[in-house]
Structures are given as C-alpha cells and as structure tokens.
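The values are calculated or read from the model by the stated rules, or taken from the named source; none is laboratory data. Here the structure is a predicted model, which means the values were calculated and not measured. Here Cβ is always computed from backbone atoms with ideal geometry, including for glycine, and neighbour counts include all displayed protein chains.
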Amino acid sequence: MASIHREVLVDETPENIWAVLRDFGEVHNRLAPGFVTDARVEGDIRIVTFVNGTVVRELIVDIDDEARRIAYAVVGGSLEPTHHHASMQVFGHPAEPSRFVWITDVTPDSLAGPMAEMIDQGIHVIKRTLECRNTPIH
C-alpha cells in the first residue's frame, strides 16, 4: 500500500479553512475550483469530476468538526483502486498560518505516482483558493 502525505501552510484561520473544507458538496466552488470541475452529493456519496476528466465516487466516511477533519474513500468511478482512504485536516491557531494536511492511502502501488501528481496539483489550488482575499470563503 502506498501512502501519500502532503502538508502546506495556509495564511488563513483554521476556522475559516474548516468552514470551506467541511462543505463537501461545494468542493468544486469553494475549495479547489478549476482542479475539481463538478461535484454533487447523493446521500453519503460525493461524485467528483476533476479537470483531467477523472470521475470518482467518494464515500464520506467522517466529518469531525472538533478535529477539523474529513475522511473519505473512493468507491467507484473511472479511477477504481483496490483500496483508497484519504483525509484532509486543518491545524492551527488564529494568529498563525494554518497547517493543511492531506493523507491518502491507496493500492495498488502503481496508482501512487499518478495520484500523487493529482494531489500535488490539488493542494496548490487549495492553498491559492484559501488564501485569496478577493473571494470570500465563509
């Protein structure tokens, strides 16, 4: 199993970042616009379309307001790993940059490279979006 771990400092409060992150049905508008081109929610499944045309069905495993963490698993779509589990979490204090952490575990290992590339692109867009002062994120 491959584990992809990415962290980035974001110049925004953890509360504001969490308000965006936990709004899981609006990922294409509020968190990663341009990288994620569409998202819709059907019960506890989020169907996400990425800019490269990949469409995945993500099972929302947990939304933890206290820990500011969302966990999800790919359970179908055009990318069908044998196993996939990911979480995004925000840490920090209001007076300092926040730490955004994205961890993904995936099998088979052959998906690690392509998935890491997508995550690297995504985290860049997420940081830029969250730090953009011209776009309200609340």
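Annotations
- Scanning region 85-100 for residues that are part of a strand (DSSP E or B), surrounded by 16 or more Cβ atoms within 10 Å (Cβ to Cβ) and not hydroxyl-bearing (S, T, Y) returns H85, A86, M88, Q89, V90, F100.
- In region 53-84, residue surrounded by the most Cβ atoms within 10 Å (Cβ to Cβ) [restricted to those that are closer than 12 Å to W18 by Cα and aliphatic (A, V, I, L, M)]: I70
- Test: R40 is more than 15 Å from R128 (Cα to Cα) and basic (K, R): yes
- Close pairs (7 angstrom Cβ cut-off, 6 or more residues apart or separate chains): touching a residue at least 40 places away in the same chain (Cβ under 8 Å) and more than 16 Å from S3 (Cα to Cα) in region 77-90, of a type in the set (A, V, I, L, M, F, W, C) and in a strand (DSSP E or B) anywhere: V90/F100
- Options P33, P81; residue that is closer than 19 Å to R128 by Cα and not charged (D, E, K, R): P33
- Members of region 1-35 found to be touching a residue at least 60 places away in the same chain (Cβ under 8 Å) and closer than 19 Å to V74 by Cβ, listed by number: M1, A2, S3, I4, H5, R6, L21, L31, A32, F35
- Some residue of region 98-106 being at pLDDT below 95 and among the charged types (D, E, K, R): no
- The residue that is modelled with the highest pLDDT, among those in region 44-59 that are closer than 13 Å to G34 by Cβ and outside any strand (DSSP E or B), is V51.
- Hey, L111 over 21 Å from W18 (Cβ atoms), among the hydrophobic types (A, V, I, L, M, F, W, C), free of Cβ contacts under 8 Å to residues at least 40 places away in the same chain and crowded, with 17+ Cβ neighbours inside 10 Å or not: no
- In region 17-42, the residues that are over 13 Å from the mean Cα position of the chain (by Cα) and either modelled with pLDDT under 95 or part of a strand (DSSP E or B) (or both): T37, D38, R40, V41, E42
- Of all residues in region 39-52, those being within 17 Å of I123 (Cα to Cα) and surrounded by fewer than 18 Cβ atoms within 10 Å (Cβ to Cβ) number 3.
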